[in-house]
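Asks: Let me begin by handing over the structure; questions about it come next.
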């Protein structure tokens, strides 16, 4: 089932007055796609999911499932979640505490008044898929977080929904379980082929799961694209800093001409701009810009003798496989990723900046 | 004696004193109901055990005590039932729907419940006379329901507001209508609260005196508290034995209810105070 959102706006009236939660959002989600809504808390991603589910009404705009209009403010159409046949998995799992696991999974089928024998078959099949067959007689209170999550997912898939919606389903799990469940959700979605919309604030989760990701900020879409394209070609500073860990360095830089060559000034030091980036730099109207550089594109004490900056190591943080080194270049804070050796705090180092990998952003920070 | 034993003895003495202080009227009631003479204490008459009082209260048709008991049970059950139904619908609306003045509605209900009963009784009497309801069950069920409703509402609102909203959303996605959400999710999840509201309403209605005194005239609708108060002997003397036996019979079901469900009742009463 394709999901198409057109010019969706959602406003809330609160004590502070009108708050625009979503501002003119348009997204097309393909059949069977795993689509991730990513953004910081309060960016409107959960509201967007609620709108798709039919739990909230849009202030303006249209939502279509394939050719069927499920919400349209102009034509005053609004279908309930039941009529849309969506399934929803909540962060808190939202299992019914008074029912055992079997009845929890069977609940949507019971409401739909499906035959008993058929319910039993469907529940057992869903339970087998999620490997919770031995838990069917247990009440939710006796389950661990991971088991609850499985029950919630089983309840969602049991009635073969058109669209599968997940609202930060892994946020309440511990780190190890989260990674295991992440892989499992991905496999399940591959197997079932149901169009899935997944909300998260965790960019690692989004990158690992999504066929495509929409990055939201303050009710607006910053960028929609595959995980690779978001990483390689961020459309703006927000996406650049939000995707990737440690985040991209964002530095105010200015351009000068020295010895007939265009140079970037970082602190009190200057670097010649490599030929690949000259055209982009020349396209800038002003002589300063915002330079984005991923930490892995900075090398400390390289063996060769290309152009260098000198920097002081401010602090060092081990990430296990790699080490994040926080550098001070004439007062500019820059993060680099490198190997562990020889990274003493306070030490003076030579730093190679791979300017051919830099991102150039216009405007203000 | 060590300091610990002294402390234990003091605590024990305190407990015994408090218990005796609280329970003395009940013990007195029980003893007199089982005694041949009500004044055995003052006249140094010896205590003689008898079940005559109970026998008279339960079987003597002219005392009408079984009638009172039946009236009380039916009226209290009906009041408690209506209270739970109305209060749960109202609490669901107040906690789940966005409409202006939800909080003022709650506080208005609280204010209404502070009205002194005596201030209402004159009006109620006129009202019920007009309706021709004096000395009927509905004459009591109606004001009882209204009188207990604010408390029931407050308890249920505090219960319902603790049920996470996501449960409603999940039920909605699973295909429930709003009525189904209330019946299949909210009420079962809040079952302890609903039960405690039912019991509290029942006990309140069962103990009520003033309305019952004014709005009933004889055994056809008179409730136990009024019935006992109006017990009269043949020559105008007060039949203490019968009164005490009737009181014991009346107190028993309440005591049993409270003992069995005390945990629920306590949770229901303190819920709003601690949380929400």
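The values are calculated or read from the model by the stated rules, or taken from the named source; none is laboratory data. The structure presented is a predicted model; accordingly, all values stated were derived computationally and were not measured. Using ideal geometry, Cβ is built from the backbone for each residue, glycine included, and neighbour counts are taken over all protein chains shown.
Asks: Among all residue pairs at least 6 apart or on different chains, which show Cβ distances below 7 Å where the first residue, located in the stretch A:349-360, is free of Cβ contacts under 8 Å to residues at least 12 places away in the same chain and the second is crowded, with 16+ Cβ neighbours inside 10 Å?
Replies: none
Asks: When you go through (1) at pLDDT below 90; (2) more than 9 Å from every other protein chain (Cβ to nearest Cβ); (3) surrounded by fewer than 21 Cβ atoms within 10 Å (Cβ to Cβ) one by one for residue B:187, which number turns out not to apply?
Replies: For residue B:187, the failing item is (1).
Asks: Kindly establish whether residue B:225 is within 14 Å of chain A (Cβ to nearest Cβ) and either on the phi < 0 side of the Ramachandran plot or under 22 Å from the mean Cα position of the chain (by Cα) (or both). Step through it out loud before you land on a result.
Replies: Working: within 14 Å of chain A (Cβ to nearest Cβ): no; either on the phi < 0 side of the Ramachandran plot or under 22 Å from the mean Cα position of the chain (by Cα) (or both): yes.
When the stated conditions are applied, residue B:225 does not pass them.
Asks: Test residue B:180 against the criterion of being within 13 Å of chain A (Cβ to nearest Cβ) and either surrounded by fewer than 23 Cβ atoms within 10 Å (Cβ to Cβ) or assigned to a helix (DSSP H, G or I) (or both), and give yes or no.
Replies: Working: within 13 Å of chain A (Cβ to nearest Cβ): yes; either surrounded by fewer than 23 Cβ atoms within 10 Å (Cβ to Cβ) or assigned to a helix (DSSP H, G or I) (or both): yes.
Answer is yes for this residue.
Asks: Next question, about the same structure. Of all residues in the stretch A:82-124 being out of contact with any helix residue (DSSP H, G or I) (no Cβ under 9 Å at 6 or more places or on another chain) and touching a residue at least 12 places away in the same chain (Cβ under 8 Å), which is surrounded by the fewest Cβ atoms within 10 Å (Cβ to Cβ)?
Replies: Among those that are out of contact with any helix residue (DSSP H, G or I) (no Cβ under 9 Å at 6 or more places or on another chain) and touching a residue at least 12 places away in the same chain (Cβ under 8 Å), it is A:83.
Asks: What strands (runs of 3 or more DSSP E) lie completely within the stretch A:319-364 and have 2 or more residues being within 15 Å of residue A:301 (Cα to Cα) and under 31 Å from the mean Cα position of the chain (by Cα)? Quick ask: steps written out before the conclusion?
Replies: Values: elements: A:323-329, A:332-338, A:348-353, A:359-361.
Once the strands (runs of 3 or more DSSP E) in the stretch A:319-364 are filtered for at least 2 residues that are within 15 Å of residue A:301 (Cα to Cα) and under 31 Å from the mean Cα position of the chain (by Cα), what remains is A:323-329, A:332-338, A:348-353.
Asks: Oh, and also: Starting from residues that are under 24 Å from the mean Cα position of the chain (by Cα), closer than 12 Å to residue A:163 by Cβ and away from chain B (no Cβ under 13 Å), keep the ones in the stretch A:52-74 and report whichever is surrounded by the most Cβ atoms within 10 Å (Cβ to Cβ).
Replies: This residue is A:63.
Asks: One residue is enough: does the stretch B:97-104 have a residue meeting the conditions crowded, with 16+ Cβ neighbours inside 10 Å and either over 30 Å from residue B:164 (Cα atoms) or more than 19 Å from the chain's Cα centre (by Cα) (or both)? It would help to see each step written out before you state the result.
Replies: Of the residues in the stretch B:97-104, the ones crowded, with 16+ Cβ neighbours inside 10 Å are none.
There is no residue in the stretch B:97-104 that is crowded, with 16+ Cβ neighbours inside 10 Å and either over 30 Å from residue B:164 (Cα atoms) or more than 19 Å from the chain's Cα centre (by Cα) (or both).
Asks: Moving to a separate point now. Applying the selection to the stretch A:90-118, what residues are facing chain B (nearest Cβ under 9 Å) and either touching a strand residue (DSSP E or B) at 6+ places or on another chain (Cβ under 7 Å) or farther than 24 Å from residue A:148 by Cα (or both)?
Replies: A:90, A:91 - these are the residues of the stretch A:90-118 that are facing chain B (nearest Cβ under 9 Å) and either touching a strand residue (DSSP E or B) at 6+ places or on another chain (Cβ under 7 Å) or farther than 24 Å from residue A:148 by Cα (or both).
Asks: Would it be correct to say that residue A:152 is more than 10 Å from chain B (Cβ to nearest Cβ) and in contact (Cβ under 8 Å) with a residue 40 or more places away in the chain?
Replies: On the way: more than 10 Å from chain B (Cβ to nearest Cβ): no; in contact (Cβ under 8 Å) with a residue 40 or more places away in the chain: yes.
In short, no.
Asks: Within the stretch A:275-300, which residues are surrounded by 14 or more Cβ atoms within 10 Å (Cβ to Cβ) and either touching a residue at least 60 places away in the same chain (Cβ under 8 Å) or in a helix (DSSP H, G or I) (or both)?
Replies: A:277, A:281, A:289, A:290, A:291, A:292, A:293, A:294, A:295, A:296, A:297, listed by residue number.
Asks: Scan the stretch A:151-163 for residues that are more than 15 Å from residue A:103 (Cβ to Cβ) and surrounded by 24 or more Cβ atoms within 10 Å (Cβ to Cβ) and report the count.
Replies: So the first thing to find is which residues in the stretch A:151-163 are more than 15 Å from residue A:103 (Cβ to Cβ), and the list is A:153, A:156-157, A:160-163.
Still in the list and also surrounded by 24 or more Cβ atoms within 10 Å (Cβ to Cβ): A:153, A:156.
The qualifying residues number 2.
Asks: Then there's this: Determine whether residue A:306 is in contact with a strand residue (DSSP E or B) (Cβ under 7 Å, 6 or more places away or on another chain), outside any strand (DSSP E or B) and in the same structural domain as residue A:262 (by TED's automatic domain parsing).
Replies: Numbers: in contact with a strand residue (DSSP E or B) (Cβ under 7 Å, 6 or more places away or on another chain): yes; outside any strand (DSSP E or B): yes; in the same structural domain as residue A:262 (by TED's automatic domain parsing): yes.
For residue A:306, the condition - in contact with a strand residue (DSSP E or B) (Cβ under 7 Å, 6 or more places away or on another chain), outside any strand (DSSP E or B) and in the same structural domain as residue A:262 (by TED's automatic domain parsing) - is met.
Asks: If you check residue B:199 against the conditions, is it away from chain A (no Cβ under 14 Å) and modelled with pLDDT under 90?
Replies: Details: away from chain A (no Cβ under 14 Å): yes; modelled with pLDDT under 90: yes.
Yes, satisfied.
Asks: Let me ask something else. Assuming residue A:135 fulfils every condition listed in (1) within 14 Å of chain B (Cβ to nearest Cβ); (2) over 19 Å from residue A:170 (Cα atoms); (3) touching a residue at least 24 places away in the same chain (Cβ under 8 Å) apart from one, which condition is it?
Replies: Condition (1) is where residue A:135 drops out.
Asks: Another question about this same structure. Anything in the stretch B:154-177 that is assigned to a helix (DSSP H, G or I), buried (at least 24 other Cβ atoms within 10 Å of the Cβ) and at the interface with another protein chain (Cβ under 7 Å from one of its Cβ atoms)? List them, or say none.
Replies: Scanning the stretch B:154-177 gives B:170, B:173.
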